[in-house]
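For reference, the structure is listed below as structure tokens.
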Amino acid sequence: NAGVTQTPKFRVLKTGQSMTLLCAQDMNHEYMYWYRQDPGMGLRLIHYSVGEGTTAKGEVPDGYNVSRLKKQNFLLGLESAAPSQTSVYFCASTIAGGYYEQYFGPGTRLTVT
Amino acid sequence: QQQVKQSPQSLIVQKGGISIINCAYENTAFDYFPWYQQFPGKGPALLIAIRPDVSEKKEGRFTISFNKSAKQFSLHIMDSQPGDSATYFCAASGSVTALIFGKGTTLSVSS
């Protein structure tokens, strides 16, 4: 099992450009999450999904959109990138229920200039 | 606002010493308290977790102590080793979905 994979690993964008980050998991998990990690800020939840076709906002959703068209994939989109979105983005997944281990991907380092 | 406050921000411990990281929460609806460990360039990974029906949980050199009345919990790393050098995050959850993370503690164990 590959676990949770993220594509790409690194990306540099110019302000105003758009991009999509892909998260894939092969553990048949129901729940998937997108977090951003910034120095001194910990991990902050952007959006999450409790099942195929469903998404919900987290703590810091502005400027991001998500889609969960397939159970194994969770996409994070930036429509018009801003320097404030420079961060490391982590995807995670877990089984339904909420009190179980979240499995994290290796992260995507995004720089917006 | 739901928060989990974590301290200290950074910690330096001698090899063989005890590392202690503390967290405090506000929302009494939280009922799941995990600790995650993150090495540089990697995603966080679950280290140990506790539910509030017990006051302590131990797994090897790692122990969570939980004080429900004070709304505090802590991670103790006994016999700290250089391989334990990492960033540690406490977290809390009361819903079936999201974890609320602390801001992290960077631990350095000197040999």
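The values are calculated or read from the model by the stated rules, or taken from the named source; none is laboratory data. Here the structure is a predicted model, which is why all the values come from computation and not from measurement. With ideal geometry, Cβ positions are generated from the backbone for all residues, glycine too; neighbour counts draw on all protein chains shown. Remember, those area values only see protein heavy atoms, side chains included, never the ligands or the DNA or RNA. Shrake-Rupley method; radii C 1.70, N 1.55, O 1.52, S 1.80 Å.
Looking only at region A:1-23, filter to residues that are of a type outside the set (Val, Ile, Thr) and within 14 Å of chain B (Cβ to nearest Cβ); which one of those is most open to solvent (accessible area, probe 1.4 Å)? Explain how you work it out, then say what you get.
Filtering region A:1-23 down to residues of a type outside the set (Val, Ile, Thr) leaves A:1-3, A:6, A:8-11, A:13-14, A:16-19, A:21-23.
So of that shortlist, the ones also within 14 Å of chain B (Cβ to nearest Cβ) come out as A:2-3, A:6, A:9-10, A:21, A:23.
Numbers: A:2: 74, A:3: 17, A:6: 9, A:9: 126, A:10: 146, A:21: 0, A:23: 0 Å².
This residue is A:10.
Restricting attention to region A:4-36, report how many residues are hydrophobic (A, V, I, L, M, F, W, C) and within 12 Å of the chain's Cα centre (by Cα). So that I can check it myself, show each step before the final result.
Filtering region A:4-36 for residues hydrophobic (A, V, I, L, M, F, W, C) gives A:4, A:10, A:12-13, A:19, A:21-24, A:27, A:32, A:34.
Those left that are additionally within 12 Å of the chain's Cα centre (by Cα): A:4, A:21-24, A:32, A:34.
So the count comes out to 7.
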Residue that is farthest from the chain's Cα centre (by Cα), among those in region B:46-65 that are open to solvent by 40 Å² or more (accessible area, probe 1.4 Å) and farther than 24 Å from residue B:111 by Cα | B:53
When residues of region A:42-101 are limited to those that are open to solvent by 30 Å² or more (accessible area, probe 1.4 Å) and under 18 Å from residue B:44 (Cα atoms), the one farthest from the other protein chains (Cβ to nearest Cβ) = A:95
Taking into account only those residues within region B:66-92 that are buried (at least 22 other Cβ atoms within 10 Å of the Cβ) and within 11 Å of residue B:25 (Cβ to Cβ), which is farthest from the other protein chains (Cβ to nearest Cβ)?
-> B:73
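Go over the candidates B:43, B:102 one by one and state the one that is within 14 Å of another protein chain (Cβ to nearest Cβ), in contact (Cβ under 8 Å) with a residue 24 or more places away in the chain and small (Gly, Ala, Ser). Walk me through it before giving the result.
Values: B:43 fails: in contact (Cβ under 8 Å) with a residue 24 or more places away in the chain.
On inspection, the qualifying residue turns out to be B:102.
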Give me a count of the residues in region A:104-113 that are open to solvent by 10 Å² or more (accessible area, probe 1.4 Å) and either part of a loop (DSSP other than H, G, I, E, B) or at the interface with another protein chain (Cβ under 8 Å from one of its Cβ atoms) (or both).
-> 3
